[in-house]
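Undergrad: One structure follows; several queries about it will come next.
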Amino acid sequence: MPLLKLNHGTFSPAVEEPLEEVSLADWLDNPQAHAGATALVIANDEDLSVVRCDVHAFSVIILEFPRFGDGRAYTQARLLRERFGYEGEIRARGDVLRDQIFFMARCGIDGFETAHADAASANEALQEFSFAYQRAADSRGAVTDEPIWRRRLSRVKAA
Amino acid sequence: MYRYDEFDATMVAERATQFRGQVARRLSGELSEDEFKPLRLMNGLYLQLHAYMLRVAIPYGTFTSRQMRMLAHVARKYDKGYGHFTTRQNIQYNWPALVDVPDILDDLASVEMHAIQTSGNCIRNVTSDQYAGAAADEVEDPRPYAEMIRQWSTFHPEFSFLPRKFKIAVTASDNDRAATRVHDIGLRLYKNDAGETGFEVIVGGGLGRTPYIGHTIREFLPKEHLLSYLEAILRVYNTQGRRDNLYKARIKILVNTEGAERFGELVEAEWEAIKGGEIDLPAEEMARIDAYFAPPPFEALSVDSAALDQSRQDNDEFAQWLRVNTVPHKIPGYAIVNISLKPIGGIPGDISDEQMEAVADIAERYSFDEIRATHEQNLTLAHVKKDDLFAVWQALKAADLATANASLASDIIACPGLDYCNLANTRSIPIAQRISERMGDLEKQEDLGELKIKISGCINACGHHHVGHIGILGVDKKGEEFYQITLGGSAAEDASLGEIVGRGLSSGDVVDAVETLVGFYRDNRQDKERFLDTYRRLGAEPFKEALYAAA
Ligand code: SF4
């Protein structure tokens with residue numbers, strides 16, 4: 001599956017060495033058996049409201065979108081970024097469509113396994129909106145910097 | 001009312017451009033209908049029985065004359081000369097062509113309107129009290145909070161693919177005109193004993209095939225924490241709501257499976273973790289939004305109007321309309337005017353482009369340029385001087401908009417049903433029309449008092465039949481249309497779900513049945529009892545007996 005990576009607000013195609021993947025369930029079951037794992041695969045029904053493992057030990061965390069309409073992993077991505085402070089790559093896998101990339105990026109996802117978009121169309125999708133009303137987890141991907149209400153406040157202060 | 005700044009305007013314009021691109025990709029064949037469907041559904045565009053239907057958002061039901069004129073223009077230019085107000089304070093067009101939709105959205109954007117989040121499994125257009133800012137019984141205007149929710153929920157990146165659609169309603173009055181107890185989240189703003197204002201948070205109400213009255217999960221939420229608390233509720237729902245069964249995916253099912261207490265604990269725990277973050281608006285931004293809803297420049301008037309008293313004496317028809325369709329205003333010398341979109345024998349909620357223009361003119365001249373859409377498919381002019389009421393009535397009458405039936409038997413809510421909707425079992429509109437004709441005489445209706453009749457063409461309950469004093473549900477029995485009657489529902493502060501009374505009736509019998517039930521009420525009511533009160537006092541049995549003895 002082609003892979004796109006988001007860096008400083010821009011998508012580019014990426015080729016990489018295969019990762020050694022382990023599911024959260026397997027890893028919790030027997031971490032020693034997966035000592036060499038580099039990527040953690042988290043099913044989208046896993047409850048991430050409590051930390052159950054050291055996510056920082058993995059360079060990539062893979063979240064699943066079995067159907068585009070199944071939006072649980074959006075929350076998981078935000079929790080990884082905002083609650084656990086995870087700084088590695090968060091990669092979306094599954095039904096990853098051009099018209100969802102903007103939302104995914106805003107939730108802190110910066111790796112995209114998709115055959116539905118190339119770097120050009122993904123960049124286009126990212127540029128469709130200049131602002132966002134709410135704070136999310138997108139500062140790292142540089143999708144938007146400040147929510148609209150904050151821009152309004154700084155504008156008032158500047159005036 | 002709220003006005004867009006450059007940020008709001010940019011968001012809406014960019015959305016219109018984005019959708020233009022999506023339509024172009026569909027028309028060129030780059031996107032199949034299957035791939036296009038989720039995209040159009042993010043923007044209020046449905047494929048119905050005969051054509052596309054476009055649903056345009058009217059956030060919390062408040063709009064201006066200029067916006068109404070644009071709605072008229074859209075009806076004229078792109079549709080068959082009319083629009084249809086819905087139970088979500090929105091307007092729908094039933095006949096737009098796909099190629100025209102991008103132009104319609106550009107036209108709407110030019111007056112700060114759009115179709116964002118009027119469909120899809122996201123947070124839908126937020127609704128509120130149609131009397132906001134005018135009602136004598138409100139603690140404050142609820143619309144600033146509705147506007148904060150609008151902004152927070154617009155293109156929310158985490159909550160655009162929820163298990164199912166999500167509806168939020170806000171009221172600031174003990175008389176609940178926003179049906180908060182039958183919404184995914186209902187918010188009731190009130191003053192606590194310490195004199196602070198905050199929200200009662202009600203979760204998990206809803207109609208559809210498994211109706212529930214919502215549960216209060218927090219008695220008092222300080223208002224500055226509104227958005228973070230909503231985010232916590234939505235986050236719990238997004239991760240834990242069911243996704244394996246379309247019919248079990250609404251938050252009401254989660255709340256009722258977990259139990260309201262447990263669900264509330266999950267929300268509180270999540271809220272503890274996020275509430276210090278940058279979700280809630282700082283006081284300056286709340287004040288900025290508040291300022292848009294400052295009261296219009298009311299004149300200092302006396303409570304009574306001599307001109308009004310005179311016209312009332314001179315004209316019985318006007319006097320009747322005055323009694324039925326106007327409501328006291330919080331400012332002396334003003335009144336709230338309800339414009340019925342339920343002419344006798346008409347289609348509930350329908351309005352022609354000419355009528356839209358007429359309402360726009362009247363609102364501009366007599367009601368500070370402001371119009372409200374109600375969840376009962378009518379319109380409201382919130383701030384009319386008593387001195388002007390006669391002129392307003394005459395102007396409405398000239399536009400065929402002066403039916404004196406607000407909240408009476410012919411003020412019927414009906415879903416589009418089989419005339420438009422591809423999920424329907426039965427027709428709804430013709431039943432509404434025939435009941436309306438049968439109940440016809442307005443004086444008799446006035447004598448009957450408040451009576452809420454609500455009709456749905458299938459179990460999805462878009463016509464809110466569960467909360468009708470008399471509810472009518474269309475069911476399909478071996479290819480034949482049948483109607484099931486429920487009694488005793490209410491969407492107001494005394495919310496309750498109607499009870500089914502016996503076997504289904506044919507479309508011929510259902511109108512007789514309504515007449516029988518109403519007759520039984522009339523013969524048995526005490527004092528000033530409404531239909532609902534008599535039903536609650538006597539219970540279902542005698543009504544059933546009356547119904548089936550007659551049949
Ligand atoms: S209640 Fe049923 S028939 Fe009526 S609009 Fe909703 S889905 Fe269609």
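The values are calculated or read from the model by the stated rules, or taken from the named source; none is laboratory data. Just so it is clear, the structure is predicted and the values come from calculations on it, not from any experiment. Using ideal geometry, Cβ is built from the backbone for each residue, glycine included, and neighbour counts are taken over all protein chains shown. Quick note on the areas: whole protein, heavy atoms, side chains included, nothing else; ligands and nucleic acids left out. Shrake-Rupley method; radii C 1.70, N 1.55, O 1.52, S 1.80 Å.
Undergrad: For the protein assembly as shown, what is the charge dipole size about the Cα centre, in debye to the nearest 20, if Lys and Arg each add +1 at the Cβ and Asp and Glu each add -1 at the Cβ?
TA: Details: 79 positive and 108 negative charges, 150 e Å.
The dipole of the protein assembly as shown has a size of about 720 debye.
Undergrad: Test of understanding: what is the full-extension gain from B:E493 to B:E480, defined as 0.36 nm times their sequence separation minus their Cα-Cα distance? Could you put the intermediate results ahead of the total?
TA: Numbers: separation 13, 0.36 × 13 = 4.68 nm, distance 3.66 nm.
Stretched out fully, the B:E493 to B:E480 stretch lengthens by 1.0 nm.
Undergrad: Additional query: Going by average Cβ neighbours within 10 Å, how do the peptides B:196-204, B:113-121, B:521-529 rank, with the highest at the top? Show your work: numbers first, answer last.
TA: Numbers: B:196-204: 21.3, B:113-121: 24.2, B:521-529: 13.1.
Those peptides, ordered most packed to least, come out B:113-121, B:196-204, B:521-529.
Undergrad: Tabulate in residue order the Karplus-calculated ³J(HN,Hα) for segment B:346-354, using 6.51 cos²θ - 1.76 cosθ + 1.60 with θ = phi - 60°, rounded to whole Hz; enter x for Gly and Pro.
TA: Per-residue couplings from phi come out as x, 8, x, x, 6, 8, 7, 4, 5 Hz.
Undergrad: Okay, next question. To the nearest whole number, what is the average tally of beta carbon atoms from other chains within 10 Å of the beta carbons of peptide A:41-49? Walk me through the numbers before you get to the answer.
TA: Working: counts 0, 0, 0, 2, 3, 1, 2, 1, 8.
Going residue by residue through A:41-49 and averaging, the value is 2.
Undergrad: In addition: Quick one: of B:K342/B:K397; B:K454/B:K544; B:K165/B:K248; B:K191/B:K386, which pairs are farther than 22 Å apart, Cα to Cα?
TA: B:K191/B:K386
Undergrad: So what is the accessible area of segment B:327-438 per residue, in Å², with the probe set to 1.4 Å?
TA: Details: 3510 Å² over 112 residues.
For segment B:327-438, the per-residue accessible area is 31 Å².
Undergrad: Arrange the peptides B:50-61, B:178-189 so that the one whose residues have, on average, the most other Cβ atoms within 10 Å appears first.
TA: On the way: B:50-61: 22.3, B:178-189: 27.0.
The densest-packed peptide leads the list: B:178-189, B:50-61.
Undergrad: Hey, with R₀ at 60 Å, roughly what FRET efficiency would B:R323 and B:S32 work out to, going by the Cβ-Cβ distance, to 0.05?
TA: Working: r = 57 Å, r/R0 = 0.94.
According to the calculation, E is roughly 0.60.
Undergrad: Another question, then. Spelling out what I want: for every residue of segment B:509-518, take phi, set θ = phi - 60°, compute 6.51 cos²θ - 1.76 cosθ + 1.60 (Karplus), and round to whole Hz; glycine and proline get x.
TA: 7, 5, 5, 4, 4, 4, 5, 4, 4, 5
Undergrad: Right, another one. Please list, in order along segment B:403-412, the HN-Hα scalar couplings obtained from phi with the Karplus expression 6.51 cos²θ - 1.76 cosθ + 1.60 (θ = phi - 60°), rounded to whole Hz, x for Gly and Pro.
TA: With the stated coefficients, segment B:403-412 comes to 4, 8, 9, 4, 6, 8, 4, 8, 7, 8 Hz.
Undergrad: Here's a follow-up. Determine the share of segment B:1-152's accessible area contributed by carbon and sulfur atoms, expressed in whole percent, with a 1.4 angstrom probe.
TA: Working: 2400 of 4530 Å².
Using a 1.4 Å probe with all protein chains present, segment B:1-152 comes out at 53 percent carbon and sulfur.
Undergrad: Obtain the nm distance between the two label points defined at A:F68 and B:D103 by a simple spin-label model: each point lies 7 Å from its Cα along the Cα-to-C-beta direction.
TA: Placing both labels 7 Å beyond Cα along the Cβ direction yields 2.7 nm.
Undergrad: I've got another one for you. Could you sort A:107-117, B:301-311, B:489-499 so that the peptide with the highest average Cβ count within 10 Å comes first and the rest follow in order?
TA: Output ranking for A:107-117, B:301-311, B:489-499: A:107-117, B:489-499, B:301-311.
Undergrad: What's the extension gain from B:Q526 to B:N256 if we count 0.36 nm per residue and subtract their Cα-Cα distance? The partial results should precede the final answer.
TA: Numbers: separation 270, 0.36 × 270 = 97.20 nm, distance 3.73 nm.
Extra length from B:Q526 to B:N256 when fully extended: 93.5 nm.
Undergrad: Next up: Mind checking B:36-49 for the average number of partner chain beta-carbons within 10 Å of each residue's beta-carbon? Mind dumping the intermediate values first?
TA: Working: counts 0, 0, 5, 3, 0, 1, 1, 0, 0, 0, 0, 0, 0, 0.
Partner-chain Cβ atoms within 10 Å, mean over residues of B:36-49: 1.
Undergrad: Run through the DSSP bridge list for chain B and note the antiparallel percent, rounded to the nearest 5. Could the numbers behind the result be given before it?
TA: Values: 53 of 66 bridges.
If I count the DSSP bridges inside chain B, around 80 percent turn out antiparallel.
Undergrad: Probe radius 1.4 Å, ligands and nucleic acids left out: can you give me the accessible area buried at the B-A interface, summed over both chains, in Å² to the nearest hundred?
TA: Values: alone 21570 and 8810 Å², together 26800 Å².
That pair of chains buries around 3600 Å² in total.
Undergrad: On average, how many beta carbons from a partner chain sit within 10 Å of the beta carbon of a residue in B:277-288? If you can, show how the numbers build up before the last one.
TA: On the way: counts 2, 7, 4, 1, 5, 3, 0, 5, 7, 1, 0, 4.
Whole-number average of other-chain Cβ neighbours for B:277-288 is 3.
Undergrad: In addition: At what distance in angstrom do the alpha carbon centres of segment B:319-346 and segment B:111-130 lie from each other?
TA: Going from one Cα centre to the other spans 26 Å.
Undergrad: Another one. Can you compute the modelled spin-label distance between B:L49 and B:A307, with each label point 7 Å from Cα toward Cβ, in nm?
TA: Calculated label separation equals 4.7 nm.
Undergrad: What is the distance in Å between the Cα centroid of segment B:241-318 and that of segment B:462-523?
TA: Taking the Cα centre of each part, segment B:241-318 and segment B:462-523 sit 29 Å apart.
Undergrad: Amide H neighbours of B:L281 under 5 Å, at least 5 residues apart or on other chains, H built in the peptide plane: list them.
TA: B:L227
Undergrad: In addition: Scan segment B:291-351 for trypsin sites (Lys or Arg not before Pro) in coil per DSSP, keeping those whose Cβ has at most 16 other Cβ atoms within 10 Å, and list them by number. Spell out each step's value before the answer.
TA: Details: sites: B:R312, B:R323, B:K330; in loops: B:K330.
Qualifying residues, ordered by number: B:K330.
Undergrad: I need the calculated FRET efficiency for the pair B:A291 and A:E20, taking r as the beta carbon distance and R₀ as 51 Å, to the nearest 0.05.
TA: On the way: r = 57 Å, r/R0 = 1.12.
The computed FRET efficiency comes out at 0.35.
Undergrad: Let me ask something else about it. Once you measure Cβ to Cβ distances between cysteines in chain B, which Cys have no partner under 4.7 Å?
TA: Result for chain B is B:C122, B:C421, B:C458, no neighbouring Cys Cβ within the cutoff.
Undergrad: Report the Cα centroid-to-centroid distance between segment B:147-223 and segment B:397-460 in angstrom, as an integer.
TA: That distance is 28 Å.
Undergrad: Can you give the charge dipole size of segment B:236-323 about its Cα centre, rounded to the nearest 20 debye, using +1 on the beta carbon of Lys and Arg and -1 on the beta carbon of Asp and Glu? Present the calculation step by step, with values, prior to reporting the outcome.
TA: Values: 10 positive and 18 negative charges, 137 e Å.
Computed about the Cα centre, the dipole is about 660 debye.
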